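Peer 1: One structure, as structure tokens, below. Some questions next.
The values are calculated or read from the model by the stated rules, or taken from the named source; none is laboratory data. Just so it is clear, the model here is predicted, and its values are computed rather than measured. Backbone-built Cβ (ideal geometry, glycine too); neighbour counts: all protein chains shown. The area values use the complete protein model at the heavy-atom level, side chains included, leaving out ligands, DNA and RNA. Shrake-Rupley method; radii C 1.70, N 1.55, O 1.52, S 1.80 Å.
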Amino acid sequence: MSEKDVLLSIKDLRKVYKTRDGELEAIGKVTFDVKDQEFVSIVGPSGCGKSTLLRIVAGLLEKTEGEIIVDKTKFNPDKEVGFVFQKALLLDWRKVIDNVLLPIEILKLDKRKYVDRAMELLEMVGLKGFENRYPNELSGGMQQRVSIARALIHDPKLILMDEPFGALDAITREKMNLELMRIWSESKKTVLFITHEIAEAVFLSDRVIVLSARPSRQVGSFDIDLPRPRGIDLKTTPEFNKYVIDVYKTLEVQ
Amino acid sequence: MSLTAKKPLGVRILYGFWDFLKKYGLTILAIVLLVLIWQIVVDGFHIKKYVLPSPKLVFNSLFGPQAAKNHWWKHIRTTVLEVFGSFALVLVLGVSLAVLISWNRWLNRLLMPVLVLFNSIPKIALAPLFLLWLGYGVKTNIWISFFVAFFPVVINATTGMMSVDDDLLDLVKYLDAKKYQVFLKVRIPASLPYIFSGIKICATSCVVGSIVGEFCAAKSGLGYLMRDAQAFIDMPTMFACLFLLAVIGMSFFGTISILEKVCMPWKRSRRED
Ligand SMILES: Nc1ncnc2c1ncn2[C@@H]1O[C@H](COP(=O)(O)OP(=O)(O)OP(=O)(O)O)[C@@H](O)[C@H]1O
Ligand SMILES: [Mg+2]
């Protein structure tokens, strides 16, 4: 792929938090590109600044040094981003369906046109029939799935996902992985995905970026040359497991 | 009941009444007992009616053949109007003021000290001033009552709006939400429980404020009637006024509790079925 295809470019990004007990360097120096329609995962030890990185990309946090370049000809970074936060963050006072439609209201789009889509998304995340429930009537994993539907409702070009499947059981997680891959490949989206699960990262991604412990640096970047479409069977192949072990070793060295 | 069925408003109000009964049933029983003992004591010790009238006399002044001379309805109407008027004013102005205070740092620093300073004056002492400024009447009493009652609502609503979790704000901010959207979609709804606890404090203050206004100067209202009756040492009428004020205060409080259930259905959704 050429330079032209780059959607998001992160250059020498550094983040220092100013806290009561002085400065805390969360991100040391991170540089990578995300290409249009690419699925990129970031793995790294807990507390290494993955969430911080994603928040900076979403414009929720100021960076300390470095550059984030977005190709504005490809999408509008204010409106065409979907963010699945590490916590579900549902609004207690809104029914599930209204939580899913929140981005539509914020973006001042015509809500009626998106109701059907919201129902489809809820069905996709396995929550058909729960649209009129309040969040406190759902389990933690169900709430997290609502938040995934919410992040997709406005059909964003760039999807930022911060350990979206962390609260799910193994089987649901597997299902959600497949659904995410389907959405991604069908609708030509670009995904920046954070996870602790190396196998999940390899399974989903075109590229896996490995960060070191805090202050984080990029210690590895693996192009995952596995054929698509990918099915569960892939996980038993030696090629797949070779990637998993490579990523694991890079992480372990830290 | 199916998972998706929406509870109709009527059912929700019924739930409200049931809650009211559960909460206040014993209280009502206690009041009935108190009245009984009162009657027995007054009869037994032959207490004079200008010292302490018996409940029966109080009842007569309300519903007996002589009741019409007091024009009860007129006075009740005035007082209720003042109580509800000031309540509505407190709600609208109080929440708006809270939005202003939490809008940004500067407005906060500007308005908060003024508010705190203002709150340290005994606001009932303002009543004579208002009379001079506005003349006497329902409108004046509404304003007096407003000033007596509005502080807790402003403070509570402000606390609610300022204590919203930063993460929840990020949820709308990453979509470039405008500030008014942040308030409409997140801050104000999140502060509803706080606003309601402020409102409950203000409910009694609204009644106090209205009566104080009527004491000072008025043409009608239960406070006015009480002062009038005082001149004739008409104890039964004075007690009847007190009784009516208690009833007004209680139904007002009950209405607010029901309103709370209706406005915040998610608070009780777990218990529903
Ligand atoms: N608002 C903040 N103020 C100060 N320090 C912070 C703040 N947010 C995060 N940190 C610190 O920055 C570091 C990175 O945090 P971050 O949440 O980005 O980690 P993470 O990689 O997402 O971890 P995890 O995998 O456990 O979610 C941590 O050491 C954390 O203590
Ligand atoms: Mg994190």
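Peer 1: Once you put a point 7 Å from the Cα of B:F20 and another 7 Å from the Cα of B:F45, both along the Cβ direction, what distance in nm separates them?
Peer 2: Here the modelled spin labels are 3.5 nm apart.
Peer 1: Indicate the helices, whole DSSP H runs only, in chain B that combine a mean Kyte-Doolittle hydropathy of -0.5 or more with a Cα extent along their long axis of 24 angstrom or more.
Peer 2: Numbers: long enough: B:9-45 (51 Å, 1.48); B:72-103 (46 Å, 1.37); B:138-162 (35 Å, 1.29); B:192-216 (35 Å, 1.39); B:235-263 (42 Å, 1.72).
Answer set is B:9-45, B:72-103, B:138-162, B:192-216, B:235-263.
Peer 1: Here is a further query. Enumerate the calculated ³J(HN,Hα) couplings along the range A:36-42 in order (Karplus 6.51 cos²θ - 1.76 cosθ + 1.60, θ = phi - 60°), each rounded to whole Hz, writing x wherever the residue is Gly or Pro.
Peer 2: 4, 6, 8, 10, 10, 10, 10
Peer 1: So which trypsin sites (Lys or Arg not before Pro) in the range B:31-114 are both in a DSSP loop and have at most 12 other Cβ atoms within 10 Å of their Cβ?
Peer 2: Numbers: sites: B:K48, B:K49, B:K56, B:K69, B:K74, B:R77, B:R105, B:R109; in loops: B:K48, B:K49.
Qualifying residues, ordered by number: B:K48.
Peer 1: Report, in whole Å, the centroid distance computed from the Cα atoms of the range A:118-134 and the range B:72-147.
Peer 2: Cα centroid of the range A:118-134 versus Cα centroid of the range B:72-147: 46 Å apart.
Peer 1: How well do other chains shield peptide B:92-101, expressed as the mean number of their Cβ atoms within 10 Å of each residue Cβ? Don't skip to the answer; put the middle values down first.
Peer 2: Numbers: counts 0, 0, 0, 0, 0, 0, 0, 0, 0, 0.
Mean shielding count: 0.
Peer 1: Which listed residue (A:L192, A:H154, A:G129) has the Cα farthest towards the positive end of the charge dipole for the range A:127-205, taking +1 on Lys and Arg C-beta and -1 on Asp and Glu C-beta about the Cα centre?
Peer 2: The listed residue farthest towards the positive side: A:H154.
Peer 1: Restricting to DSSP loop positions (anything but H, G, I, E, B) with no more than 12 other Cβ atoms inside 10 Å of their own Cβ, which chymotrypsin sites (Phe, Trp or Tyr not before Pro) remain in the range B:15-100?
Peer 2: Values: sites: B:Y15, B:F17, B:W18, B:F20, B:Y24, B:W38, B:F45, B:Y50, B:F59, B:F63, B:W72, B:W73, B:F84, B:F87; in loops: B:Y50.
Qualifying residues, ordered by number: B:Y50.
Peer 1: Still on this structure, please answer the following. Determine the order of A:T19, B:T204, A:T190 by accessible area, beginning with the largest, at a probe radius of 1.4 Å.
Peer 2: Working: A:T19 65, B:T204 90, A:T190 0 Å².
Greatest to least solvent exposure: B:T204, A:T19, A:T190.
Peer 1: On full extension of the chain, what length is gained from A:T64 through A:R112, given 0.36 nm per residue of separation minus the C-alpha to C-alpha distance? Display every interim value, and only then the final one.
Peer 2: Values: separation 48, 0.36 × 48 = 17.28 nm, distance 4.14 nm.
Gain on stretching A:T64 to A:R112: 13.1 nm.
Peer 1: Quick check: residue separation of B:A67 and B:A125 times 0.36 nm, minus the Cα distance between them. What number comes out in nm?
Peer 2: Between B:A67 and B:A125, full extension yields 17.5 nm more.
Peer 1: Evaluated at 25 °C with a viscosity of 0.890 mPa s, what Stokes-Einstein diffusion coefficient in µm²/s does chain A have when Rh comes from the Kirkwood expression over alpha-carbon pairs? Numbers along the way, then the final one.
Peer 2: Details: Rh = 18.9 Å.
Translational D for this selection: 130 µm²/s.
Peer 1: Starting from 0.36 nm per residue, how many nanometres of slack lie between B:A231 and B:K200 once their C-alpha separation is accounted for? Walk me through the numbers on the way to the answer.
Peer 2: On the way: separation 31, 0.36 × 31 = 11.16 nm, distance 3.40 nm.
Length difference between fully extended and current span is 7.8 nm.
Peer 1: Taking a cut-off of 27 Å, what percent of all Cα-Cα pairs in chain B are separated by more than that?
Peer 2: Values: 19794 of 37128 pairs.
Above the 27 Å cut-off, chain B has 53 percent of its Cα pairs.
Peer 1: Determine the principal axes of the Cα atoms in the range B:170-244, then give the extent along each, sorted from largest to smallest and rounded to whole angstroms.
Peer 2: Sorted largest first, the three principal extents are 70, 20, 11 Å.
Peer 1: Explain nothing, just the number: dipole magnitude of chain A about its Cα centre with +1 on each Lys and Arg Cβ and -1 on each Asp and Glu Cβ, in debye rounded to the nearest 20. Mind showing how you got there, number by number?
Peer 2: On the way: 40 positive and 40 negative charges, 94 e Å.
Dipole of chain A, to the nearest 20 debye: 460 debye.
Peer 1: Mind listing which trypsin sites (Lys or Arg not before Pro) in the range A:174-208 are in a DSSP loop and have 13 or fewer other Cβ atoms within 10 Å?
Peer 2: Working: sites: A:K175, A:R182, A:K188, A:K189, A:R207; in loops: A:K188, A:K189.
Listed in order of number, the matching sites are A:K188.
Peer 1: Right, something else. For a label point 7 angstrom out from the Cα of B:I256 toward its Cβ, which stretches of the range B:80-120 have the backbone nitrogen within less than 11 Å?
Peer 2: From the range B:80-120, the list is B:87-88, B:91.
Peer 1: Hey, another quick one. Using a simple charge model, +1 on the beta-carbon of Lys and Arg, -1 on the beta-carbon of Asp and Glu, nothing else, what dipole does the protein assembly as shown show about its Cα centre, in debye to the nearest 20?
Peer 2: Values: 68 positive and 54 negative charges, 403 e Å.
Computed charge dipole of the protein assembly as shown: roughly 1940 debye.
Peer 1: Using only alpha carbon pairs under 8 Å that are at least six residues apart, calculate the relative contact order of chain B and give it in whole percent.
Peer 2: Working: 276 pairs, mean separation 73.4, N = 273.
Computed value for chain B: 27 percent relative contact order.
Peer 1: If we restrict to alpha carbons, what Rg and Dmax does the range A:154-254 come to, in Å?
Peer 2: Every Cα atom of the range A:154-254 included, Rg and Dmax give 13.7, 41 Å.
Peer 1: Now for a separate question. Taking the Cα centre of chain B as the origin and placing charges on Cβ (Lys, Arg +1; Asp, Glu -1), which of B:L168, B:I201, B:Y136 is farthest toward the positive end of the dipole?
Peer 2: Positive-most Cα among the choices belongs to B:L168.
Peer 1: Across the protein assembly as shown, how large is the tail of the calculated P(r) beyond 45 Å, expressed as a percent of all Cα pairs?
Peer 2: Numbers: 50912 of 138601 pairs.
Here the long-distance tail beyond 45 Å is 37 percent of all Cα pairs in the protein assembly as shown.
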